[in-house]
Amino acid sequence: MIEIGVDFGGTKIEAAALAPDGAFLSRVRAPNPGSYDAAIRAVRELVEEAEGQAGGQGTVGVGAPGSVSPRTGLIRNANSTYLNGRRFREDLETALGRPIRLANDANCLALSEAVDGAAAGAASTFAVIIGTGCGGGLVVNGLVVDGANGIAGEWGHISLPWPKPDEVPGPSCWCGQCGCLETWISGTGLQHDFARVSGRELKGAEIVAAAKSGDADAAAAFERYVDRLGRALAMVVNLVDPEAFVFGGGVSNAEDLYARLPAAISPYVFGDAWTATLAPAKWGDSSGVRGAARLWRAGQKVS
Ligand SMILES: [Zn+2]
């Protein structure tokens, strides 16, 4: 059976058809049209185009921002805000004339990497997205752990653990709280921290590059970043102790991260020995579309 995945991103929408062995049969993309009815149409057209090129119909899984409220069935917390309060899954089902499965982008990243990516063979995988925002997704024994209320893995909106005096209460977050991980360890958080301390304006990727080339302000900001990310991941270790951590999003391209994180995590782990795989997503930007395609695999319980 062909598996179709759709990655519904803020700027573009991608659809891909995967063969049972994971090979790409087709990939098509279009810009996010920025309004609801046009987005439903765009997804339908992309799925039909992907299927036309692949030569058959498939199951359809969609990776979307935010999550579906189990109480109302409506999308909440999506950064493509026109999705919020909509029955996105049902409307896609009507447009495509078949059942659709939906999961957030971090869950799709975790599933993709657990099936045949950087976490292949690991019994438990925690995926982290450190880009414009900050998200988390958990896969255990090949299954997405969505939680009783669809909230599992919403790691970006936990406060920074083991805070230092100057980190409290922390920057205010769009979710209404202060000091959420997203305000510290997203690419945007790195950018704001750098600006606050140095008075200079650089983007996340520029700070990482400047740190590498010896800029003292940038190196200090990256140092603070690694320490904060280490604490945030140690909290996940103490709660779930996953075998593998995989990373997506812009900041995950900072190669230095993977050599430095173990020393940043270990001091906060409540145990005498700790090891885990820490790696960037093997499938890079394609992890979202590949994970979405896998949402129809046996046993998945997602909306
Ligand atoms: Zn928050």
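Extension gain for Ala148-Glu223 works out to 23.3 nm (0.36 nm per residue, less the C-alpha to C-alpha distance). Once the 1.4 Å probe is applied to the protein heavy atoms, segment 121-280 comes out at 46 Å² accessible per residue.
Across segment 1-90, the volume of the C-alpha convex hull divided among the residues equals 90 Å³ per residue. Under the rule a/c < 1.5 gives rounded, and otherwise a/b versus b/c splits prolate from oblate, where does segment 180-271 land using the Cα gyration tensor? Taking the square roots of the gyration eigenvalues as a ≥ b ≥ c, segment 180-271 is prolate. Using only alpha-carbon positions in segment 7-160, the gyration tensor eigenvalues give semi-axes of 24, 21, 14 Å once each is multiplied by 5 and square-rooted (largest first).
What FRET efficiency, computed as 1/(1 + (r/R0)^6) with R0 = 22 Å and r the Cβ-Cβ distance, is obtained for Asp21 and Lys301, rounded to the nearest 0.05? Approximately 0.35, to the nearest 0.05.
In this structure Arg200 has an accessible area near 80 Å², from a 1.4 Å probe over the protein heavy atoms. For chymotrypsin sites (Phe, Trp or Tyr not before Pro), the sites in segment 225-286 that DSSP calls loop and that have at most 13 other Cβ atoms within 10 Å are Phe270. Restricting attention to the chain, the count of lysine pairs at 8 or more positions apart or across chains with alpha carbons under 24 Å apart stands at 4. For segment 121-280, the relative contact order comes to 25 percent (Cα pairs under 8 Å, sequence separation of at least 6).
At a Förster distance of 22 Å, what's the computed FRET efficiency of Ala216 paired with Ala263, Cβ-Cβ distance as r, to 0.05? Plugging the Cβ-Cβ distance into 1/(1 + (r/R0)^6) gives 0.55.
Ranking Leu25, Leu92, Leu138 from most to least accessible surface, computed with a 1.4 Å probe over the protein chains only, gives Leu25, Leu138, Leu92. Annotation note: chymotrypsin sites (Phe, Trp or Tyr not before Pro) in segment 126-178 located in DSSP loop regions with a Cβ neighbour count of at most 12 within 10 Å are Trp174. In segment 121-280, the DSSP beta bridges split such that about 55 percent are antiparallel, to the nearest 5. May I ask for the net charge around Arg290, where only other residues with Cβ less than 11 Å from the Cβ of Arg290 are counted and Lys, Arg are +1 while Asp, Glu are -1? Charge balance in the 11 Å sphere: -3.
Scaled against the 2.2 N^0.38 Å expected of a compact globular protein of N residues, the Cα radius of gyration of segment 121-280 reads 1.01.
Measuring from a point 7 Å past the Cα of Thr132 along Cα-to-C-beta, which residues in segment 47-71 have an amide N at less than 17 Å? Under 17 Å, as judged by backbone N against the label point of Thr132, lie 63-67 of segment 47-71.
Over the chain, Cα pairs under 8 Å with separation of 6+ residues give a relative contact order of 21 percent. FRET efficiency for the pair Trp162 and Thr81, taken as 1/(1 + (r/R0)^6) with r the Cβ-Cβ distance and R0 = 45 Å, rounds to 0.85. In terms of its C-alpha gyration tensor, segment 45-117 comes out oblate, because a/c is 1.5 or above while a/b does not outweigh b/c. Where in segment 74-100 does the label zone of Ala38 land, with the point 7 angstrom along Cα→C-beta and an amide N cut-off under 18 Å? It comes to 79-84, nothing else. Protein-only accessible surface at a 1.4 angstrom probe places the residues Ile158, Ile185 in the order Ile158, Ile185, largest first. What do you get when you divide the Cα radius of gyration of the chain by 2.2 N^0.38 Å, with N the number of residues? My calculation over the Cα atoms of the chain gives 1.00. Among 206-216, 114-124, 59-69, the peptide with the highest mean count of other Cβ atoms within 10 Å heads the list, and the full ranking is 59-69, 114-124, 206-216. Simple rule: put +1 on each Lys or Arg Cβ and -1 on each Asp or Glu Cβ in the chain, find the dipole, and look at Thr81, Val236, Gly133; the Cα lying farthest toward the positive end is Thr81.
Kindly identify segment 245-301 as rounded, prolate or oblate by the Cα gyration tensor criterion: order the square roots of the eigenvalues as a ≥ b ≥ c, call it rounded if a/c is under 1.5, otherwise compare a/b with b/c, prolate if a/b is larger, else oblate. Taking the square roots of the gyration eigenvalues as a ≥ b ≥ c, segment 245-301 is oblate.
Estimated at the nearest 10 Å², the accessible area of Lys203 is 130 Å² with a 1.4 Å probe.
The values are calculated or read from the model by the stated rules, or taken from the named source; none is laboratory data. Quick caveat: nothing in here was measured; it's all calculated off a predicted structure. Neighbour counts run over all protein chains shown; Cβ positions are idealised from the backbone, glycine included. In case anyone asks, the SASA skips ligands and DNA or RNA and just uses the protein heavy atoms, side chains included. Shrake-Rupley method; radii C 1.70, N 1.55, O 1.52, S 1.80 Å.
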